[in-house]
Amino acid sequence: MATSGARNKKLGGLGQWWGVLAGVLLIAAWVNKAAGPAVVISLSAVVFLWCFFQAPVTCKADVRGRTDGCRNNASGLLLGCHIRQHRLQKLKMLIVRRQVRAFCTGLFSDGKATIVTLAGLGSFASGLAAVIPGVVVH
């Protein structure tokens, strides 16, 4: 009987979800108020990077013959799946002006992508709020 690749990895496939733990720690740092701005900024940066480069989402790159796009698993909102052209296509969508709209609609295409997008935007706003003096209570 063949086993899946997720069971052979360390942590049983949960290693790709370390950003959720960083997000929980970020929320705890805001609630606790004992953590300084450096902790909040660093946790915000970690969650932001996880959302855009490692969070498990669906690829959604354009595929001939399919209206819903590629359904392979991707790493992060900015990267595509294991197919090299899909990675290049998703990064190209940010550069070409006419394709930015298609990329932005893909950010809210399904539940998983919506949660990861909102987490990335929230961590970015959290980092900005920590940089502005007086917002973080010391």
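The values are calculated or read from the model by the stated rules, or taken from the named source; none is laboratory data. None of these values were measured; they are calculated from a predicted model. Accessible surface is based on the protein model in full, side chains and every heavy atom, while ligands, DNA and RNA are left aside. Shrake-Rupley method; radii C 1.70, N 1.55, O 1.52, S 1.80 Å.
Listing for the model above:
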read-out: List THR117, THR105, THR67, THR58, ordered by accessible area with a 1.4 Å probe, largest first; value: THR67, THR105, THR58, THR117
read-out: Solvent exposure ordering (accessible area, 1.4 Å, most first) of PHE108, PHE103; value: PHE108, PHE103
read-out: Average accessible surface area per residue within segment 41-138, 1.4 Å rolling probe, Å²; value: 63
read-out: Residue-level accessible surface for LYS92, protein heavy atoms, 1.4 Å, Å²; value: 110
read-out: Nearest-ten-degree value, helix 37-53 long axis tilted from longest Cα axis of the chain; value: 0
read-out: For ASP62, solvent-accessible area (1.4 Å; no DNA, RNA or ligand), Å²; value: 110
read-out: Cα long-axis angle, helix 18-32 against the chain (0 to 90 degrees, to the nearest 10); value: 20
read-out: For segment 19-75: rounded, prolate or oblate by the Cα gyration tensor [a/c cutoff 1.5]; value: prolate
read-out: The chain: C-alpha gyration tensor shape, a/c 1.5 cut-off, then a/b vs b/c; value: oblate
read-out: In Å², nearest 10: area of TRP17 left accessible to a 1.4 Å probe; value: 100
read-out: Three-way shape call for segment 70-138 based on the alpha-carbon gyration tensor, with the a/c threshold at 1.5; value: prolate
